[in-house]
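This report concerns only the one structure given below.
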Amino acid sequence: MRLTMTGLLVCALALPGMSAAAHADPAPLPLVSLTTIPDGWSQRTDLRPVLQVFADGAAVHRPDVVSKDRKPETEPKKVTGTVAPEVIAAARDEITALAEVDFGIPAGDGKGTQIIDLMPDDPAGEVHLVVYSPGATEGLDGDQQAARKRFADLCKKLVDAFKS
């Protein structure tokens, strides 16, 4: 039995394409991802990032990903393009700076979430920023509101910098 199993394994590995599939490079991870989870969408499984920016400046924008009109079974539009290197560099600096601030958690029920993920090649440099109830301000102090504005401005700057 052992000889038969060994023979089958050798045959399987010798088939054309088998070794190439085992050694294929994984798809690159985006350097920066912006994700929005609207209020009431926590149970949806079709959520995707609004914008993904790769280290080389290539980018993918999904303009209708959080549209209330898009049905869960319908894939969001996918537009490929670029983001300028200077915008990416400034965004990395701002994301790193925002890792040190308090966004607070406003009073009341959750009203969605916004996330910025920075995922450089070195995992030690990863930053994951999460803002709960991005439109709410009740119970937040001035510093927390200012931090949320910086977060929102950064999201807008990255989306606005996308060129298809």
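The values are calculated or read from the model by the stated rules, or taken from the named source; none is laboratory data. Because the structure is predicted, anything quoted here is derived from the model rather than measured. Positions of Cβ are generated from backbone atoms using ideal geometry, with glycine treated the same way; all protein chains shown enter the neighbour counts. When the accessible area is computed, the model is the full protein with side chains, heavy atoms only, and any ligands, DNA or RNA have been set aside. Shrake-Rupley method; radii C 1.70, N 1.55, O 1.52, S 1.80 Å.
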Q: Kindly provide the set of residues from the stretch 44-67 that are touching a residue at least 12 places away in the same chain (Cβ under 8 Å), open to solvent by 20 Å² or more (accessible area, probe 1.4 Å) and among the small types (Gly, Ala, Ser), ordered by number.
A: Ala55, Ala58
**Q.** Pick from the stretch 123-133, criterion part of a helix (DSSP H, G or I) and open to solvent by 50 Å² or more (accessible area, probe 1.4 Å), ranking: nearest to Val32 (Cα to Cα)
**A.** Pro123
Q: Within the stretch 70-84, track down each residue that is within 27 Å of Arg148 (Cβ to Cβ) and surrounded by fewer than 17 Cβ atoms within 10 Å (Cβ to Cβ).
A: Arg70, Ala84
Q: Give the residue that is nearest to Ala124 (Cα to Cα), with candidates limited to residues of the stretch 25-35 that are of a type in the set (A, V, I, L, M) and open to solvent by 30 Å² or more (accessible area, probe 1.4 Å).
A: Leu29
Q: Kindly indicate whether any position in the stretch 134-152 is assigned to a strand (DSSP E or B), modelled with pLDDT of 95 or more, touching a strand residue (DSSP E or B) at 6+ places or on another chain (Cβ under 9 Å) and open to solvent by less than 50 Å² (accessible area, probe 1.4 Å).
A: no
Q) Out of the stretch 100-113, which residues are in contact (Cβ under 8 Å) with a residue 60 or more places away in the chain, in a loop (DSSP other than H, G, I, E, B) and open to solvent by less than 50 Å² (accessible area, probe 1.4 Å)? A) Gly112
Q) Can Val87 be described as touching a helix residue (DSSP H, G or I) at 6+ places or on another chain (Cβ under 9 Å) and surrounded by 13 or more Cβ atoms within 10 Å (Cβ to Cβ)? A) yes
Q. Quick one: would you say Pro38 is open to solvent by 90 Å² or more (accessible area, probe 1.4 Å), within 25 Å of Lys156 (Cα to Cα) and modelled with pLDDT of 70 or more?
A. no
Q: Tell me which residues, restricted to the stretch 80-99, are in contact (Cβ under 8 Å) with a residue 60 or more places away in the chain, touching a strand residue (DSSP E or B) at 6+ places or on another chain (Cβ under 9 Å) and not basic (Lys, Arg).
A: Thr80, Gly81, Thr82, Val83, Ala84, Val87, Ala91, Ile95
